[in-house]
Amino acid sequence: MTPSRKIVAIGIALVALAALSFTLSHVSLGVAALPVAILIAVGKAGLVVHFFMELSDARASAILAFISGILLLAILLVLAVADVETRAAPPLLPANHAHLS
Amino acid sequence: MSYLTVDKTVRSWLLTTDHKRIGILYLGAVLTMMALGGLFAMLIRIEHLTPGPTIVSAYTYNRLFTLHGITMVWLFMIPSIPTTFGNFLLPVMIGAKEVAFPRLNLASFWIYVAGALVTLGAMLAGGVDTGWTFYTPYSASSPSAVVPTVIGIFIVGWSTIITGINFIVTVHTMRARGVTWMRMPLFVWAIYGTSIIQVLATPVLGMSLLLVGVDHYLQWGLFDPARGGDPVLYQHLFWFYSHPAVYIMILPAMGVISEVIPTFAHKNPYSYRAIVYSTLGIAFVGFLTWGHHMFVAGMSRFDAGAFGILSMMVAIFSAVKVFTWSLSFKQGAIVLKTPLLYAFLFLFLFIFGGMTGVAVATMSLDVHWHDTYFVVAHFHFIMVGGTLTGFLAGLHYWFPKMFGRMYDETIGVISVILVFVGFVGTFLPQFLLGNAGMPRRYYDYAPRFQPLHVASTIGALVLASGLVLTLYNFVRALRRGEHAPDNPWQSRSYEWLTASPPPKENFTKSPSFSLDPYAYDQPLENAHA
Amino acid sequence: MRELHADHFESLEVQAHAARLGTWIFLCSELLLFAGLFTLLAASRAHDPRGFHEGMTHAARTLGSINTGVLLVSSTTAALGVQAMRENRPSRAFWLVLTTATLGLVFLAIKIAEYAEHIDEGILPGGHGAWFASHADAPLYWTLYYLMTGIHAIHVFVGMGLLVWTAVRVRARLIVHETSYKLDLVVLYWHLVDLIWIFLWPLLYLA
């Protein structure tokens, strides 16, 4: 396969994955909807990064840079969301407060 | 012909792509900002001579401490060492002719100037009273000039990112023959680690300040609890940058110290690798600790515990550095000169500031000290005690390299003493004030705090006099200082193996270094470019 | 022949390496710029899942999805342009890059149509607008929707500008086969813009 044909094939795969995601969004997947959508997105991102941005052919320094970026994004996201998810309800919401007094 | 004399027109300076001249331009700019920030600090200290109104109103006081913080953090300390010594020395230290992107480097300087002007313009347009932290929801409703100020800082952030990218790429691609990764001068490693933080953290600050601007201007309520927003999330985003920012300030200073100590102890560092790895360790772990600013902000207990533990990990890397530096003196031939005295000062203040840092990272203690003068004193010990003393050590150490003149050693020593006495005199009382319950950022205070406030103000005056004396020393040296030899300190580091001041191309021919930059066991004749 | 690399670089190869690395680091910087927004989105959603669900069911899913297709195709044409330059076919590269920029324009046009539709319904950022008087949607969903797609659209706009500029430079032989890496840099940026959308789309429109 010539390089150009390969690029076109990847493009078709990307659009196909998008179509799959779009179709699935009309099917009620419940709690699985978000993980499935993100999984497909990660797959597409992988195709773009690997075949279009040619990260795996880049120098180690560029790969390291990209990994650091992703890693820090994950750190910010996980630790901030962990806070929201594990925060206890405020003990004295205005409503409860009125009830107590 | 040196880089200073190659072309003397004003135009050749303002449009220069020579990294050395850009370094000098930055030096002028950051010194101006430091003077301005210092002026604000003095006004704050004078206001606190008496409880209640002294010289300014409460609103003006609020704007003063905000402007002091903004000017010192973003316009002085963040750019201070990387843009001046980093620009001037990083390419020389790796034997390169230039940074990788010289025109971008010039652009970065002018973007910095533009951002600084917008920020200062916002001060003239009314100033800001939110504190340099811009905490929501107050910053969304403050009547002061929030929007122009955050735009100014956003612009300065671009300059920081561009400089960071430039340095990283320069280190990766421009090293001369003989300069392997494990033979780079330690200052280069420090700037490299700093650049990584700059590139990865600054955009998060840019975005969060932009959102504050949007919230203020358009009332979108992104962080407004009344509309479902979460003000604590703003703090997460803000400190994700602003905590690593402390390492943007301190790592370059550590780099300066790592150069000064081997030179004046005339000995190789106790462990080169320990300093390198702890630099990278701090750069990474620094990203995991931001939550310790938010222990009492309503963050979850789970996160608070995690952040408390992660924060203390920074102390491990810092301790590795301190021990390595101290051990480097062992069996050295120590020459007590101004730069080394500043390095001692750095060690003292950094240990003191670092230990109090571990204390405030302990959640139960933080509840008592949070938002008091204790915290103010702690971060001034680290940020000013670290960055300022590192900056001054570097200025004295590299002054002959940059300008080809020697400063006066006696005046230098007197100014170190004044800075030391003044600094401790300013901030030691603040530790005590905070522990006694004096909250930070308060205009008024109870009469029983007055003696300590007066002591702190006197300390600040002494500190200021030390800095003015330092400035005098440099101005004097520029006009009629002795001409410096090429290597006045008998250093082995690569930047001293060329003329002082260096020629435009840094080295007269493409250099190749035969020894490592700390080979003090070899005769100086063997170390050549 | 004119020197192809700047004086301070050892060779064209080193210069290309420096430019690529610089671009990759810049892309990381961009990634972190969006990191703050993705964090806001994730945390707000964790805070109020129901309100976000309401908002999402009303979002213009079809238009948003068409835009996903447009952007994915544009990334493909951009990659083809790079390949053409490597095969020393500058004319083909010129047209492919220009096509990419045009697809960017299509993306923005659809985006504007989408905004217009929502504004018509009285949905404005910050919970402003008539819509919120009668609907239980989280105003924050819509604020973040406008914010994130808006900032992404600015990136599309900048990317388009860069693509057109590069296409012109290819045409004018300022970028030639030997210096084709200069086209790579702009296309890398374009792929990043696409990459961000690949995640924005499911998070704001689908699930």
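Taken together, the values in this text are just the output of simple stated rules run on the coordinates, not laboratory data. Note that the structure is predicted; figures quoted are calculated from it, not measured. Every residue, glycine as well, gets a Cβ built from its backbone with ideal geometry; the counts of neighbours run over all protein chains shown.
Shielding value for B:363-373 is 0, the average number of Cβ atoms from other chains within 10 Å of each residue's Cβ. Here the relative contact order of chain B, from alpha carbon pairs under 8 Å that lie six or more residues apart, stands at 17 percent. Every pair of different Cα atoms in chain B enters the Kirkwood calculation, which places the hydrodynamic radius at 23.5 Å. Projecting the Cα atoms of C:192, C:70, C:12 onto the charge dipole of segment C:12-206 (Cβ charges, centred on the Cα centre) puts C:12 farthest toward the positive pole.
For chain C, the fraction of C-alpha pairs farther apart than 26 angstrom is 43 percent. Each peptide in B:202-215, B:442-455, B:146-159 gets a packing score, the mean of other Cβ atoms within 10 Å over its residues, and the list from highest to lowest is B:202-215, B:146-159, B:442-455.
Our helix-only sum for chain C, with -39,500 (n - 2.57) per DSSP H run of n ≥ 4 divided by its residues, gives a mean residue ellipticity at 222 nm of -27500 deg cm²/dmol. At q = 0.05, 0.09, 0.10 Å⁻¹, what is the log10 ratio I(q)/I(0) for the protein assembly as shown, with the Debye formula run over Cα points and no solvent? Result of the Debye calculation: -0.29, -0.93, -1.14. Here's how it looks for residue B:405: its modeled amide H is under 5 Å from those of B:484, which are all 5 or more places away or on a different chain. In percent, how large is the relative contact order of segment B:219-378, given Cα pairs closer than 8 Å and 6 or more residues apart? 26 percent.
Averaging Cα coordinates gives a centre for segment A:1-22 and one for segment B:49-117; these two points are 48 Å apart.
Straight-line cross-link partners of residue B:504 among the lysines, defined as a Cα under 20 Å from its Cα and at least 8 positions apart when in the same chain: B:8, B:20, B:97, B:401. With the highest mean first, a sort of the peptides B:313-326, B:512-525 on other beta-carbon atoms found within 10 angstrom per residue produces B:313-326, B:512-525. Shielding by partners for peptide B:259-268, expressed as the average number of C-beta atoms from other protein chains within 10 Å of each residue's C-beta, is 0.
Distance between the pseudo-spin-label points of residue B:219 and residue A:32 (7 Å out from Cα toward the beta carbon): 4.6 nm.
Estimated purely from DSSP H runs of n ≥ 4, each contributing -39500 (n - 2.57), the mean residue ellipticity at 222 nm for chain B is -21500 deg cm²/dmol once divided by its residues. Convex hull of alpha carbon positions in segment B:185-267: directionally averaged projected area 6.2 nm².
Please enumerate, by chain and number, the aspartates and glutamates with C-alpha under 16 Å from the C-alpha of residue C:182, excluding those fewer than 8 residues away in the same chain. Correct list for residue C:182: A:54, C:3, C:13, C:87.
Percent relative contact order of segment B:157-312, based on C-alpha pairs within less than 8 angstrom and at least six residues apart? So the answer I get is 26 percent.
Each Lys and Arg contributes +1 and each Asp and Glu -1, all at the Cβ; summed about the Cα centre of chain B, the dipole is approximately 880 debye. Along its three principal directions, the equivalent ellipsoid of segment A:1-57 from the Cα gyration tensor extends over semi-axes of 27, 13, 5 Å, largest first. The mean count of C-beta atoms from other chains within 10 Å of the C-beta of residues in A:47-54, rounded to a whole number, is 6. Counting charges near residue B:222 (Lys, Arg +1; Asp, Glu -1) among other residues having Cβ under 12 Å from its Cβ returns a value of -2.
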